[in-house]
Amino acid sequence: MYAQTQEKVEMLRKTVLTATALAAVAVTALATPAANASAQPNLVGGHEATGNTSWMASLQYDAPAYGRVAWHTCGAALLFRSWVVTNAHCVTDPPGDAGGIPTAAKSFSVRVGSKDRRQGGETAKVVKIVVHPGWQWSAGAPEQPVDDVALLQLDHAVTEQPIQLGGRAARPGERVTLYGWGVDQPDGGGSLPLKLQQLETKVLPPLKCADAQQSVAEICTSNPHGTDGPGPGDSGGPAVALVRGVPQLVGTCSRAAARYPGEKPTVYTSSPDFRGWLYDTARGVPATS
């Protein structure tokens, strides 16, 4: 998974995936930090975001005992004015002793509606984390759902415009735009852009993400030129499709079977496949597995 990259830089060298190592990959492949980074690696080959991105959120945390304040950890998308959607692995602890800062020690917040992750837009505290009941820190086969999605309730309704949830899953061949913050070097290191980045790409057939064990309710996004794409820590960032001129959320960043950013296609959780759960959660309807 791509979360928590600033916590173990040496783990970046341990990210070649196999079908039997995906549980470990959840910790290493996309969860490794760049040296001296204050956030996670970003879209290699992307460019500064343009247009209205009022729905884009930087998920941050404070962990005073570990010397962390306003620490960017994942991307997220404002789905309702009091709720943001991100990936479950951004707000849960991997199995075993993977090191890093435990989730219980973190106080989460978001900055919404600014292309600068340090200023502007609106800020809100996260007061409730709802992880999909089917979420598991492993992916074994296409028929074994991963359900890497979580909905976070804010302490107040923000005024920024939420993104519209896609009406259906994105299909192979369709164009999508990926968004995120973080270092943008191909080795997953270097300094961080403060400005939101974006990368135009397309959806691929599931076979192209077979080595990352794409399962149901997930989509595979291309790595343009064989070099460009999300890297460690770009978790939770949205994949957005433009439908009749309206941006729609079709995915959030989960994982890839790559040692370095952009080497291989990336698996995104298919947000439209979780429409019922997302709406029920925001309505307060008890979740079932």
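Within segment 242-272, the trypsin sites (Lys or Arg not before Pro) that combine a DSSP coil assignment with at most 12 other C-beta atoms in a 10 angstrom radius are 244. Relative protection proxy for 210-222, 273-285, 147-159, from highest mean packing down: 210-222, 147-159, 273-285 (other beta-carbon atoms within 10 angstrom). Between residue 175 and residue 118, the contour length at 0.36 nm per residue exceeds the alpha carbon distance by 17.6 nm.
Dimensions of segment 190-288 based on its C-alpha atoms, expressed as ranges along the principal axes with the largest first, amount to 42, 32, 29 Å. When the Cα positions of 129, 205, 194 are compared along the charge dipole of segment 111-241, 194 comes out farthest toward the positive end, with charges on each C-beta of Lys, Arg, Asp and Glu. Among the listed pairs 115/202; 125/264; 128/195; 106/195, a Cα-Cα separation exceeding 32 Å is found for 125/264. Ordered by the count of other Cβ atoms within 10 Å of each Cβ, fewest first, 74, 90 give 90, 74.
A simple charge model with +1 on the Cβ of Lys and Arg, -1 on the Cβ of Asp and Glu and nothing else charged puts the dipole of segment 65-176 at about 420 debye relative to its Cα centre. In units of the rule-of-thumb radius 2.2 N^0.38 Å, segment 194-249 shows an alpha carbon radius of gyration of 1.23. Couplings 3J(HN,Hα) of segment 67-73, computed from phi: x, 10, 9, 6, 8, 5, 10 Hz, in residue order, whole Hz [Karplus 6.51 cos²θ - 1.76 cosθ + 1.60, θ = phi - 60°; x for Gly and Pro]. Each of 95, 57, 75 was scored by the projection of its Cα onto the charge dipole of segment 42-119, and the greatest displacement toward the positive side belongs to 57; charges sit on the C-beta of Lys, Arg, Asp and Glu.
Rg then Dmax, both in Å and based on the Cα atoms of segment 67-138: 13.2, 38.
Throughout, read-outs are computed from the coordinates displayed, never taken from laboratory work. In this text, all values refer to a predicted model and were calculated from it rather than measured experimentally. Counting neighbours? That spans all protein chains shown, and the Cβs are built from the backbone with ideal geometry, glycine included.
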